[in-house]
Amino acid sequence: MNQISVIFEQPNGEEHHCVARCGDTLMDVALDNGVPGIVAQCGGGCTCCTCHCWIQSPWFERIPGAGQDEIDILAYAWGVADNSRLACQVVLTADLDGLRAWVPAQQSLN
Ligand code: FES
C-alpha cells in the first residue's frame, strides 16, 4: 500500500480527509492539503512545535516513539498530552491507514 488516508480534525469538528503517501510525514500531508493549524514554521526541522497534534488511538500506539529532540520541543507546545506528537516527526506507513489527528485550537486560530 503506497497511499493511505489521514484525517485531521479541527477544534470545531471540521474534518480534512487527505490521501497520503507512505514515507511522507504527517506534516507533509497537512501542508500539501492546506490543513489549518499545522503551521510548521520550521519546515520539519523539529525546532518550532507549530505542527503539534494529538493522535487518536490505536494509531498513536503504532507510531515509533518520539526521539529526544521531539520530546524536548514538545515541552513548548500548547496542551501537551500523552498522545501528543510533532507531525513532522511522524513518518506514515501502511499500518497508519485511517489515522486521525486533532489540531490544537491555539494553532488553528493563528
Ligand atoms: Fe517545526 Fe514540526 S514543523 S517542529
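Rounded to the nearest 5, what % of DSSP beta bridges with both residues in the chain are antiparallel? If I count the DSSP bridges inside the chain, around 70 percent turn out antiparallel. Among THR50, THR93, sorting on how many other beta-carbon atoms sit within 10 Å of each Cβ, with the fewest leading, yields THR93, THR50. Across the chain, the relative contact order, built from alpha-carbon pairs under 8 Å that are at least six residues apart, equals 41 percent. Residues THR25, THR47 in ascending order of nearby Cβ atoms (within 10 Å, fewest first): THR47, THR25. Does the chain come out rounded, prolate or oblate, given a ≥ b ≥ c as the square roots of the eigenvalues of its C-alpha gyration tensor, rounded meaning a/c under 1.5 and, failing that, prolate meaning a/b above b/c? Rounded. Sparsely packed loop sites in the range 75-109 (the chymotrypsin sites (Phe, Trp or Tyr not before Pro) outside DSSP H, G, I, E and B with at most 14 other Cβ atoms within 10 Å) comprise TYR76, TRP78. A full extension of the chain between ARG21 and TRP78 corresponds to an added length of 17.7 nm, given 0.36 nm per residue minus the alpha carbon distance. In a DSSP loop and with at most 14 other Cβ atoms within 10 Å, the GluC sites (Glu not before Pro) in the range 1-82 are GLU14.
Every number in this text was worked out from the coordinates using simple rules, so none of it is lab data. Predicted, not measured: the structure shown is a model, and the values here were computed from it. FYI the Cβ positions are ideal-geometry reconstructions off the backbone, even for glycines, and counts take in every protein chain you see.
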